1. In region 183-220, what residues are aliphatic (A, V, I, L, M), part of a strand (DSSP E or B) and farther than 30 Å from VAL134 by Cα?
2. Looking only at region 135-150, which residues are open to solvent by 60 Å² or more (accessible area, probe 1.4 Å), part of a strand (DSSP E or B) and more than 15 Å from VAL103 (Cβ to Cβ)?
3. Could you list, in sequence order, all residues of region 249-293 that are part of a strand (DSSP E or B), open to solvent by 70 Å² or more (accessible area, probe 1.4 Å), over 23 Å from VAL192 (Cα atoms) and of a type in the set (A, V, I, L, M)?
4. Do you know which of the residues in region 96-130 that are within 20 Å of ASP143 (Cβ to Cβ) and acidic (Asp, Glu) is surrounded by the most Cβ atoms within 10 Å (Cβ to Cβ)?
5. Exactly one of (1) open to solvent by 70 Å² or more (accessible area, probe 1.4 Å); (2) part of a strand (DSSP E or B); (3) within 30 Å of ASN135 (Cα to Cα) is unmet by THR230. Its number?
6. Given the criterion part of a strand (DSSP E or B), open to solvent by less than 70 Å² (accessible area, probe 1.4 Å) and at pLDDT below 95, identify the matching residue among GLN176, GLN158.
7. Given the options LEU59, LEU30, name the one that is open to solvent by 80 Å² or more (accessible area, probe 1.4 Å) and among the hydrophobic types (A, V, I, L, M, F, W, C).
8. Go through region 129-154 and count every residue that is within 22 Å of the chain's Cα centre (by Cα) and touching a residue at least 40 places away in the same chain (Cβ under 8 Å).
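The values are calculated or read from the model by the stated rules, or taken from the named source; none is laboratory data. In this text the structure is predicted, and so the values were computed from the model without any measurement. Don't worry about glycine lacking a Cβ; one is built from the backbone with ideal geometry, like all the others, and counts go over all protein chains shown. The area values use the complete protein model at the heavy-atom level, side chains included, leaving out ligands, DNA and RNA. Shrake-Rupley method; radii C 1.70, N 1.55, O 1.52, S 1.80 Å.
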Amino acid sequence: TYGVIPQNGDLQPSSIGLLDTIGFADDKILLTLGVREQKIYSGIFAAGIKTREYDESELTPAAALLVKQGNYAFYANYSEGLAQGATAPNGTANQSEMLPPTVTEQQEAGVKYDAGTFGFTAAVFEISLPSTLVNSANVFIADGEQRNRGLELSTFGQPLEGLRLIGGLTLLDAKQTRTQGGINDGKDAVGVPDTNLVLNAEYHLARIPGLTLTSRINAYSGAEADVGNTQSIPGWETLDLGARYATQLAGKNLVVRANILNVTDKDYWNSVSRGFLTMGAPRTILLSASVDF
């Protein structure tokens, strides 16, 4: 006999937006203004039966400014977003209660240089988002706040014929800025690494047309595992290798791919959030093929 796993959740986000871009100085200066109506429907099931639900919406603004000068582009933007509310954990006075959606704010400013075969982007950003806490009455509420500030550097280029590189480095300062009684104010946010590096490389073999070798390096620093910063997970690095071969089969484009993720089979904790640790995937081999009809 085969059992049926009952449904335990239902999440349906949707949005509709209106944006307008105004150009100045022969479109070297672009101003974008807009607004979005974002909706989130969420339901919780028990034994396959829906027991609680909410259907909330929020009108959120967005604005962006872009200034182009030669190969450079300078930009700044502001946006707000609607995120699903958390569910009160067991042991709280309102356990299993779904909190309403929360609004996050994001500000970003940066510069991009594009020379065709080489380019880079540097940006600073700040994201403010509500966080949850249990108050003195043992009620789970979304009255906290987390502030993420960071610097993001990315680059792409073709240093040698057939070799393409694309990568990015993120330096992040994530702090708890409003906590229960202020006891954890200023401490690092849970599950957010200070440093994140990703580097991708592709090499096209001229002697074997259609064959491309690929690689990816992932590196993350450690992260705190609890709001008091008394426990943490260590940083980790992994290497992925692969290849793809593009050819034709019966006049149709065919691409065959083979990838090995976590080549060294490194054991690591991938993330920590909501009190749970997530193990990183072991060495994994993926094979796939796609055909254009």
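1. Matches in region 183-220: LEU197, VAL198, LEU199, ALA201, LEU211, LEU213, ILE217, ALA219.
2. ARG149, the sole residue that qualifies.
3. LEU249, ILE285, LEU286, LEU287, ALA289
4. Across region 96-130, the extreme among qualifying residues is GLU97.
5. (2)
6. Selected residue: GLN176, the only one of GLN176, GLN158 that is part of a strand (DSSP E or B), open to solvent by less than 70 Å² (accessible area, probe 1.4 Å) and at pLDDT below 95.
7. LEU59
8. Adding up the residues that qualify gives 7.
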